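The values are calculated or read from the model by the stated rules, or taken from the named source; none is laboratory data. Bear in mind the structure is a predicted one, so any value in this text is a computation, not a measurement. Here the Cβ is made from the backbone with ideal geometry for all residues, glycine too, and neighbour counts use every protein chain on show. SASA here: full protein model, heavy atoms, side chains in, ligands and nucleic acids out. Shrake-Rupley method; radii C 1.70, N 1.55, O 1.52, S 1.80 Å.
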Amino acid sequence: MAFDINMIREVYARYPKRIEAARKIIGKPLTLTEKILYAHLTEGDATQACERGKSYVEFQPDRVAMQDATAQMALLQFMQAGKNQVAVPSTVHCDHLIQAEVGAATDLAKANDKNKEVYDFLSSVSDKYGIGFWKPGAGIIHQVVLENYAFPGGMMIGTDSHTPNAGGLGMVAIGVGGADACDVMAGLPWELKFPKLIGVKLTGKMSGWTAAKDVILKVAGILTVKGGTGAIVEYFGEGARSLSATGKGTICNMGAEIGATTSIFGYDEKSAAYLRVTDRADIAELADGIAAHLTGDDAVYTNPENYFDQVIEINLSELEPHVNGPFTPDLAWPISKFAAAVRENGWPAKLEVGLIGSCTNSSYEDISRAASLAQQAVDKKLVAKSEYTITPGSEQVRFTVDRDGFLDTFGKMGGVVLANACGPCIGQWARHGADKQEKNSIITSFNRNFAKRADGNPNTHAFVASPEIVTALAIAGDLTFNPLTDLLTNAEGQQVKLEEPTGLELPPLGFAVKDAGFQAPAEDGSQVSISVSPTSDRLQLLESFKAWEGTDLTGLKLLIKAKGKCTTDHISMAGPWLRYRGHLDNISNNMLIGAVNEFNDKTNSVKNQLSGSYGEVPATQRDYKAKGIGSIVVGDENYGEGSSREHAAMEPRFLGVRAILVKSFARIHETNLKKQGMLGLTFNNPADYDLIQEDDTIDILDLTSFAAGKQLRVVFNHADGSSDAIFVNHTYNEGQIEWFKAGSALNLIKTEL
Ligand code: MIC
Ligand code: SF4
């Protein structure tokens, strides 16, 4: 599992020369983000000025990471690319498919049994193509990457939207769809529109109840789920340097929730300490050698307004703990205002379950601080009123916090340790009674809280907070409890107060682990064979999508006009559907079943224009497909926010939807649509959304002269014989238009190779 120190040496050797060139091109002091990006541009692009928010440029990432739920599709595509080995160091992590039910050991054993076919597939593909394989139970992708592979100044792409976690260690780490990963593993450059830059200046120092999580909860409140779109968020200032490396990771991780391309902190003492304690002193030494390149220039941080597109300042000394939610991660409440919000909005005040951990918040620091509260509960004879679960991010963290007694402490408070896996965070939670759909509240230290996400119940109000606040509220069993000011009544009827949490950033005895769960690939994988059964309901080899027919698209039906929030969880739900992530036909049966139909306010109920009756979205679309009729999907703002899952783009493509027309897109989803040869279009005038009627037949015109920067025309032919013609925008560059014409990016690669 050893990282490749020579690769890091090579990357660092490039830095001085590249930074000097970038200085000449840009002509002013550099942010950290620019340094890393310029150091990773392909040779050709590194000689040109990159215009933020405009230029498409090509990068050469150092690594690729994939998690099991997205790796299946990524690798099914890679298998078609005709390569013997991956071109850059890559890893697969088995974390998403493990369902949480009773506790770690039982749940893991069950997952190994239930998902055997998929694990065997991922393991043999990894073996064959030179990919490191992290077995089920080894941990959650982002935590394992932080502990083993992330390095300051590096660049990584990962098939998961929370890949930016590695930004805590100074790496530009970006979430992508599987098709992007496939390109990079095949040795092709990776393309991205050069991002805008948001600077977040952190002053002061945190204390008491405040945790790193509160920084991102606050930032999410300021920027909202759309505010980071197309931007990289760079954190700096004395406050930044005071945060632990893992705390920084938490902030970068949840930066996915504001739509940011990624987030990053500079290399500092805390990064070096974390590298050393995770057995990578040699990287720290190399990084020390080029330390000036691994942070932004002084001039930038002194006058950030001159160098960033937007600057936010947060004083950590004044930052209150926050609770965000429900149903969206950007509804931010300082704890002092939260109780009133709960009452005013009629959210269930009784807290059913508190869940800590996940890829975002399961560092030694998080666990030790939460455990200090659990210990107080025991000492003060408080009986926790809510259920309480702990999800360690990796086996290494789990083993270490177990050794140091923290898991025992949680046990005394009634806590249940779940497997080192995503579990409840991604709907892999066999929550007792969730099917009754009762209105209830839970609070987690995860990062996402869209409707139905954790337990499939649309009436579960999920809130997000630091592990410390989650623990305190779970002890109280009450969302209106403010641990900073309120008292609790203990088992003996006394009024007691929880003291501020205490903990340690890093384990004093170092990390330890017995079996980290890593499997190295074969030296020579040419003999490894991969079998996918044609009758499997979980895996299906891919067939190429058809090339564009060369004409305008006319006579399309409106499949659904989705109203309001339409995240990837609405488009391709996770939870039980994770089962089909390797089987495009089967998973397509969940297409858009969570999206709300503008015309009847219902989910999974749309009018079939051929029969006139209402039916489920996938079934209606299959009917159009069977009759050779294309369709379009219309959506609102930030369509496709959330996950990197390319299934949300592949399913409509597979079922014959021809275009997705929305007010705006989330970055990863828009790219995923393009890669799969789908038309992703945006309204020139957002109010045109209102013109679309339920019985519309739609034409997409000007495709024969489809060109970068040139609008297309769309005509809505209404049932009464009238019509509306509008202009729509797109962001395809010339290369991406070729993907559309070829039917998908992969089709194009196959012809080129
Ligand atoms: C998520 O947090 O939504 C996921 C599950 O990790 C996804 C990936 C997936 O859908 O497999 C993500 O964030 O990209
Ligand atoms: Fe897993 Fe949740 Fe992290 Fe996504 S956000 S990787 S589902 S723990």
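E313 sits with roughly 120 Å² accessible to a 1.4 Å probe, with DNA, RNA and ligands left out of the calculation.
Candidate cross-link partners of K663 among the aspartates and glutamates, defined by an alpha-carbon separation under 13 Å and a same-chain spacing of 8 or more, comprise D636, E637, E641, D688, D690. Placing unit charges on the Cβ atoms of the charged side chains and taking the dipole of the chain about its Cα centre, the candidate lying farthest along the positive direction among A434, P61, G208 is A434.
Pairs of Cα atoms in the stretch 16-164 fall into 5 Å distance bins, from 0 up to the last occupied one, in shares of 2, 8, 16, 17, 15, 13, 11, 8, 5, 3, 2, 1 percent.
Across the stretch 652-753, Cα pairs under 8 Å and at least six residues apart give a relative contact order of 28 percent. 3J(HN,Hα) couplings calculated from phi for the stretch 610-617 with the Karplus curve 6.51 cos²θ - 1.76 cosθ + 1.60 (θ = phi - 60°) are, in sequence order, 7, 9, x, 9, 8, x, 5, 4 Hz; Gly and Pro show x. For the stretch 126-194, rounded, prolate or oblate, judged on the Cα gyration tensor with a ≥ b ≥ c (square roots of eigenvalues), a/c < 1.5 rounded, else prolate if a/b > b/c? Here the stretch 126-194 falls in the oblate category. For the stretch 636-683, averaging the sequence separation of C-alpha pairs within contact (under 8 Å, six or more residues apart) and dividing by the residue count gives a relative contact order of 46 percent.
Taking amide H positions as placed in the peptide plane 1.01 Å from N, state which residues far from A231 in sequence (5 or more) or on other chains have amide H under 5 Å from it. Those qualifying (amide H under 5 Å, at least 5 residues apart or on another chain) are K196, T261. Sorted largest first, the principal axis extents computed over the alpha-carbon atoms of the stretch 583-741 equal 41, 41, 28 Å. Under 5 Å between amide hydrogens, built in the peptide plane, is the criterion, and for T444 it picks out L355, F463, V464, A465 among residues at least 5 positions away or on other chains.
In this Cβ point-charge picture (+1 for Lys and Arg, -1 for Asp and Glu), the stretch 275-383 has a dipole of about 900 debye about its Cα centre. Within the same chain, aspartates and glutamates fewer than 8 places from K83 are excluded, and of the rest, those with a Cα less than 14 Å from its Cα are D127, D183, D524, E752. Among beta bridges identified by DSSP and lying wholly in the chain, the antiparallel ones come to about 35 percent.
With a Cα cut-off of under 20 Å and a minimum spacing of 8 residues unless on different chains, the lysine pairs in the stretch 362-509 number 10. The length gained on full extension between E694 and E313, counted as 0.36 nm times the residue separation minus their Cα-Cα distance, comes to 132.5 nm.
Can you tell me the alpha carbon radius of gyration of the stretch 359-452 divided by the globular rule-of-thumb value 2.2 N^0.38 Å?
Cα-based Rg divided by the globular estimate yields 1.13.
A Förster distance of 45 Å, applied to the separation of the beta-carbon atoms of E523 and N345, puts the FRET efficiency at 0.15. Based on alpha carbons, the Rg and Dmax found for the stretch 72-159 are 14.2, 43 Å.
Mean projection of the Cα convex hull over all viewing directions, computed for the stretch 443-558: 19.1 nm². Compared with the alpha-carbon gap, the fully stretched path from Q437 to V378 is longer by 17.9 nm at 0.36 nm per residue. Computed packing ranks the peptides 415-428, 12-25, 49-62 as 415-428, 49-62, 12-25, most packed first, by mean other Cβ atoms within 10 Å. Among the DSSP beta bridges whose two residues both lie in the stretch 298-454, what percent are antiparallel, rounded to the nearest 5? That works out to approximately 20 percent antiparallel.
Could you work out the relative contact order of the chain, using alpha carbon pairs under 8 angstrom and six or more residues apart, expressed as a whole percent? Provide the component values of the computation, followed by the final result.
Numbers: 1849 pairs, mean separation 102.2, N = 753.
Here the relative contact order equals 14 percent.
Residue pairs exceeding 31 angstrom between C-alpha atoms, taken from K35/K514; K28/K674; K135/K226; K561/K741: K35/K514; K28/K674; K135/K226. Using all pairs of distinct alpha-carbon atoms, the Kirkwood hydrodynamic radius of the chain works out to 26.2 angstrom.
At what distance in angstrom do the alpha carbon centres of the stretch 657-709 and the stretch 411-468 lie from each other? That distance is 35 Å. Direction-averaged projected area, Cα convex hull, the stretch 237-337: 8.2 nm², rounded to one decimal. Peptides 373-379, 607-613, 114-120 ranked from most to least packed by the mean count of surrounding Cβ atoms within 10 Å: 373-379, 114-120, 607-613. Hey, what D do you get for the stretch 1-84 in µm²/s if you plug the Kirkwood alpha-carbon radius into Stokes-Einstein at 4 °C and 1.567 mPa s? It diffuses with D of about 85 µm²/s by this estimate. Rounded to the nearest whole Hz, the Karplus-based 3J(HN,Hα) values (6.51 cos²θ - 1.76 cosθ + 1.60, θ = phi - 60°) of the stretch 407-422 follow the sequence 5, 4, 4, 4, x, 5, 8, x, x, 10, 8, 8, 4, 6, 6, 5, with x at glycine and proline.
Figure legend: label point modelled 7 angstrom from the Cα of A491 along Cα→Cβ; residues of the stretch 359-398 with amide N under 12 Å from it are 377-384.
Near D478, the amide H atoms lying under 5 Å from its own belong to L351; only residues 5 or more places off or on other chains count, and H is placed 1.01 Å from N. With bins 10 Å wide beginning at 0, the percent of Cα pairs of the stretch 105-146 falling in each bin runs 27, 49, 24, 0.
Ranking E344, E10 from most to least accessible surface, computed with a 1.4 Å probe over the protein chains only, gives E344, E10. Among 737-747, 28-38, 79-89, sorting by the average number of other beta carbon atoms lying within 10 angstrom of each residue, highest first, gives 28-38, 737-747, 79-89.
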